[in-house]
Amino acid sequence: MEMDQIKKFMEVNQQRILEDIKLLVESDSPSINKELTDICKANIQLLFQRYFGYKATVIKEKKYGDHLRFEFGEGEETLLLLSHFDTVWDKGDLRYKVKGDKVYGPGILDMKAGLVQAIWALKACKDLGLSLNKKIVFLCTSDEELGSPTSKPIIEKEALNSKVVLVTEPPVAETGALKTARKGSSRYIIDIKGKAAHAGNHHRDGRSAKRSCTSNHSFRRINKLCFGNHSKCRNC
């Protein structure tokens, strides 16, 4: 019965949900631009204030955009909702547009639409008077596309204090299947130094860092590890 209520609620408010998605998508938020990501953050705060009467706690950052932590409901256990609002697109690269029954725009799939859906899921619980048996912590981060350099410890701390974590990832594009796990990542910097020498008179005394890079044993091992294995990806 409750699911029928929620479904009806979402159908009635579909246009408002799309308007909120448009608001965030049109707020360009490339990860490396703090000014723009903070503007997007402010629009998320606007939605929290509009629908719940209070704003999220701001977790200030100096280099990248600020993060948001929003609490809803009560309970001895915590359910963590996790979203990010940064994108890989520079300002003006893409525009919000509607084609038929689909909408397009920077970050709409990953994952501004999911963030808005989570807000409306909580709003549905609030407006329909549906009780929850867990406290909701909703974490919205600004640097996921960079590997979460500042938000990672925040996410880890909240996750350890939570019974379950729900990430607002979109489903698999081709099948609509729900994603239940994600691959991790590791980042390495390999420093290769060459030896300068005069290219005309003493080129034999030089050592090319570029040539060493292409034949470096570490790179060979990385390529061997990943080649032909679709469960692992590399980006050198």
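Structure data summary
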read-out	value
Under Karplus coefficients 6.51, -1.76 and 1.60, residue-wise ³J(HN,Hα) of the stretch 159-176 in Hz, glycine/proline x	5, 5, 8, 10, 6, 8, 10, 10, 9, 7, 5, x, x, 4, 4, 6, 10, x
Area of K7 that stays accessible when all protein chains are in place (1.4 Å probe, Å², to 10)	120 Å²
Highest-MSF residue in the chain out of I32, I59, I108 [GNM, Cα springs under 10 Å]	I59
Heavy-atom surface of the stretch 76-175, accessible at 1.4 Å and reported per residue (Å²)	54 Å²
Choice from K112, K183, K55 showing the highest fluctuation, given a GNM over the chain with Cα pairs closer than 10 Å	K183
Heavy-atom surface of the stretch 1-67, accessible at 1.4 Å and reported per residue (Å²)	59 Å²
Local electrostatic count at K134 - Lys and Arg +1, Asp and Glu -1, tallied over other residues with Cβ under 13 Å	-2
Two-decimal Rg to Rh for the stretch 1-100 - Kirkwood Rh, Cα set	1.01
Protein accessible area in the chain, 1.4 Å probe - carbon and sulfur %	52 percent
Of L94, L139, L24, the one that fluctuates the most in a GNM where the chain has Cα springs shorter than 10 Å	L94
For I59, residues with placed amide H under 5 Å, excluding near neighbours	H67, L68, R69
For L166, residues with placed amide H under 5 Å, excluding near neighbours	L80, L81, L82
For the stretch 1-64 versus the stretch 127-191, the gap between their alpha-carbon centres in whole angstrom	16 Å
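The values are calculated or read from the model by the stated rules, or taken from the named source; none is laboratory data. Please read all numbers here as calculations on a predicted model, not as lab measurements. For neighbour counting, all protein chains shown are included, and Cβ atoms are generated from backbone atoms with ideal geometry for every residue, glycine included. Ligands, DNA and RNA are stripped out before the accessible areas are found, and what is left, the full protein with its side chains, is counted by its heavy atoms. Shrake-Rupley method; radii C 1.70, N 1.55, O 1.52, S 1.80 Å.
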